[in-house]
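The values are calculated or read from the model by the stated rules, or taken from the named source; none is laboratory data. Only a predicted model underlies this, so the values are computations on that prediction, with no experimental measurement involved. As a convention, Cβ positions derive from the backbone with ideal geometry for all residues, glycine included, and neighbour counts pool all protein chains shown.
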Amino acid sequence: MKSLLFASILTCLTAYLFMSLIDTNNQHWLLKIPSWFGFPIIITIGVAYLIALYLGVKGIFQELRFSNAIGILLSVFGIILFVMIISMQIGKNKARKGQFDYIITAENSTEISILQPILDQCHLSKNSIKMVEYWNLFSSKDTIAVCMQKNKIIGLGIKNVVITDVSCISKLDHLSSLTINNCGLIKIENLVLPKAERLNLNNNLLSNLLGIDAPKVKWLDVENNKLMSLKGIENIPNAQYFNYAGNTIIDFSATANHNYLKILNIKK
């Protein structure tokens, strides 16, 4: 009976912890507990489960076999939840095995070689390329950051170097996100991004968006450029989240037939 009662309380507590951790609400109070306080709690729960399991195994040979058997089952179930919680915390913000590529290999070297024209312009070698997880791509401070999955580049970030020609990027058929930040770009020619959903061209010298063909881009950032016109935006028809702060745009006519941005033309 002690095992059933003990295991029931622990399982309710563990289930609550588990549901809290998978909740998308980042304001949950459990997520604000400092590590130095959280780890002793986790260890205490683990030890308590072992005690509950011991009481159940011991009691099943004495009396109230049914209640002790239920206690054992709850203890085993709770221990499984407990292990899952530990795994989630250990693996938090880390890539699963095989999720991303972290080194240049014979299998992905062909994809990496597509970036050679960019490397030549920056006077860099392949060793300068930093392989990162997708969620670290935007915050990376590396000159060239690449996210690879199954030997294909799905994310690319180029920052704080001078480049003039980015057309080679069009050969990256699986590219989902592209950042070219503070690279002195005056114009863009022949940049085709068939699968990209995020495009960041902040802090360049662009006067228009001609030369870009990005039919699936939803997030478009062109902050701090020299844009006076939005010519070319028609080739980015699905741009919904558009950041154009820091520009002196006077011609919004290109947005007149744009599904999402025509409101800009109306306002101006």
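A few notes on this one:
- Asn136 meets the stated requirement of being within 23 Å of Glu107 (Cβ to Cβ), free of Cβ contacts under 8 Å to residues at least 12 places away in the same chain, surrounded by fewer than 19 Cβ atoms within 10 Å (Cβ to Cβ) and under 19 Å from the mean Cα position of the chain (by Cα).
- Being of a type in the set (Phe, Trp, Tyr) and under 20 Å from the mean Cα position of the chain (by Cα) holds for only one residue in Tyr260, Tyr241, and it is Tyr241.
- Odd one out for Glu234, checked against (1) over 21 Å from Ile144 (Cβ atoms); (2) acidic (Asp, Glu); (3) exposed (fewer than 14 other Cβ atoms within 10 Å of the Cβ): (3)
- Being closer than 24 Å to Cys183 by Cα and of a type in the set (S, T, N, Q) is a description that applies to Ser125.
- Filtered by the rule that a residue be in contact with a strand residue (DSSP E or B) (Cβ under 6 Å, 6 or more places away or on another chain) and over 15 Å from Leu261 (Cβ atoms), the range 194-207 gives Ala196, Arg198, Asn200, Leu201, Asn202, Asn203.
- Residues within the range 235-260 that are within 17 Å of Trp219 (Cα to Cα) and either aromatic (Phe, Trp, Tyr) or in contact (Cβ under 8 Å) with a residue 60 or more places away in the chain (or both), tallied: 4
- Some residue of the range 159-173 being at pLDDT 90 or above and over 30 Å from Lys231 (Cα atoms): no
- Across the range 109-132, the number of residues qualifying as outside any strand (DSSP E or B) and either hydrophobic (A, V, I, L, M, F, W, C) or modelled with pLDDT under 85 (or both) comes to 8.
- Asn208, sole failed condition from (1) more than 15 Å from Gly157 (Cα to Cα); (2) surrounded by 18 or more Cβ atoms within 10 Å (Cβ to Cβ); (3) modelled with pLDDT of 95 or more: (3)
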